[in-house]
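The values are calculated or read from the model by the stated rules, or taken from the named source; none is laboratory data. Everything quoted here is computed from the prediction, not taken from an experiment. A quick note on method: Cβ atoms are made from the backbone with ideal geometry, for glycine too, and the neighbour counts reach across all protein chains shown.
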Amino acid sequence: MTVNHVEPIETVELIENIRAWAHTANATELPDGRLFIVWSAGQFENSEDMVIAGAVMGTDGKWEKTHVVVDRFELEGETWIPWCPTVLTASDGSLHVFFMGNPRSEYVFVNEPRSTVRASWQMGNDAKNQMFHARLRDFRCDEIRMLLPDEPGVNTQGRPLHLQGGGWAVPYDSCHTTHSHLVVLDEQLKAYEKRGDIFCPPGSLEPSIVQLDDGRILCYLRFHPRNWNWTKAVAGEEVQGHIWKMISEDEGRTFSDPVATNLRNPSGGIDIALSQFGRLLITYNDSYALRLPLCVGISDDLGEMFRVRDIETELGEPVYNWTFANYEHNCHSYPKLVQTNNGLWHLFYTYRYACIKHVWFDEASVEKGRKVIG
């Protein structure tokens, strides 16, 4: 059966990178209307030179020069390599990033790693990752502290949510268990607590959350069973996965039983957001095996049915020459949505792992998409 895809949205640009590899972008609107984006940058994933990169887009729509937001740092007797950032603008206008840190002592020297270089140091064990919180000044790291010191192996991806009851919820998942949780901080982003236990057998990761007008928190998650086999997935031999969703009625302390949506997922990052008019938007890869096509959907009934437009539809040349090049490094993945005060939507995503791509659109353009049952 042939699927008639609507033509991709074409208002796009590439954001300058400062390393060969880029991934896991997140963005926030500043009080003056500018946009600030952060992402992981390095020689390749888990390389020793990874940093958190960032850039500011002015109200004129032009990007300032990309710079290092968080470099490697010393804390708790260890050197930490930062990556996987998410960012928020606090009520007082201050900027904060939350991210994972890999301990430098766990890095190992590898011949012919997953890149075009001959040999390099790379992370050998993600079980020692920790979560960190940094306050920014002039868009650069000023103060860093460790969160959840007794819970190594965390993964931060989802956009922070300002709760109606006060404070900020930062979603994360565990590399050990594929269970997800929320770190909820007070309004001053100082005191914090852990909430929720989110799990969807055979596995899920990287929760994305929004809060509805009635106070309920809607959570969507990436499909990811433990021991997921990428090679089998590309060959069509791995289990077919769908995006999961669930609801919390107590601001993340507990969640309903997980429900599988009709939205396909190749074990890739997703994002959901609520528009100024209460409409639900989602961005994801509409595939069981490939991180392609990359799509944006809009719903007037909180996900029962979406109108979906394609953003990326075609494979390109692999960036790296490793085993999964035709799957992983041809991909367009880990999309994140931000709606600015003027009603315009901005989408940021990994573009073939070479840089971050920026797409902007209005809701009317998505309404022209194909119908997809949620």
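Kindly list the number of the only condition in (1) of a type outside the set (Phe, Trp, Tyr); (2) under 18 Å from Lys357 (Cβ atoms); (3) surrounded by 22 or more Cβ atoms within 10 Å (Cβ to Cβ); (4) touching a residue at least 60 places away in the same chain (Cβ under 8 Å) that fails for Leu35.
So the condition that Leu35 fails would be (3).
Need pairs with beta-carbon distance below 6 Å; first residue at positive phi and touching a residue at least 12 places away in the same chain (Cβ under 8 Å) and within the stretch 82-110, second of a type outside the set (D, E, K, R) and surrounded by fewer than 16 Cβ atoms within 10 Å (Cβ to Cβ); sequence gap 6+ or separate chains.
Short answer, once both residue conditions are applied: Gly93/Pro31.
What pairs can you find where one residue is in the stretch 243-262 and at positive phi and of a type in the set (Asp, Glu), the other is part of a loop (DSSP other than H, G, I, E, B) and exposed (fewer than 13 other Cβ atoms within 10 Å of the Cβ), and their Cβ atoms are less than 7 Å apart, with a gap of 6+ or different chains?
From the stretch 243-262, the pairs are Glu251/Gly165.
Quickly run through the stretch 197-254 and pick out the residues that are hydroxyl-bearing (Ser, Thr, Tyr) and at pLDDT 85 or above. Please lay out each step first, then the result.
Taking the stretch 197-254 and keeping what is hydroxyl-bearing (Ser, Thr, Tyr), we get 204, 208, 220, 231, 248, 254.
The answer is Ser204, Ser208, Tyr220, Ser248, Thr254.
Filter the stretch 131-161 down to the residues that are part of a strand (DSSP E or B), over 17 Å from the mean Cα position of the chain (by Cα) and either at pLDDT below 95 or crowded, with 19+ Cβ neighbours inside 10 Å (or both) and list them by number. Please lay out each step first, then the result.
To start, the set of residues in the stretch 131-161 that are part of a strand (DSSP E or B) comprises 131-137, 140-147, 154-156, 161.
The next check asks that each one be over 17 Å from the mean Cα position of the chain (by Cα); those that pass are 134-137, 140-147.
Across the stretch 131-161, the qualifying residues are Ala134, Leu136, Cys141, Asp142, Glu143.
What single numbered condition from (1) assigned to a strand (DSSP E or B); (2) surrounded by fewer than 17 Cβ atoms within 10 Å (Cβ to Cβ) fails to hold for Gln164?
Unmet for Gln164, out of (1) assigned to a strand (DSSP E or B); (2) surrounded by fewer than 17 Cβ atoms within 10 Å (Cβ to Cβ): (1).
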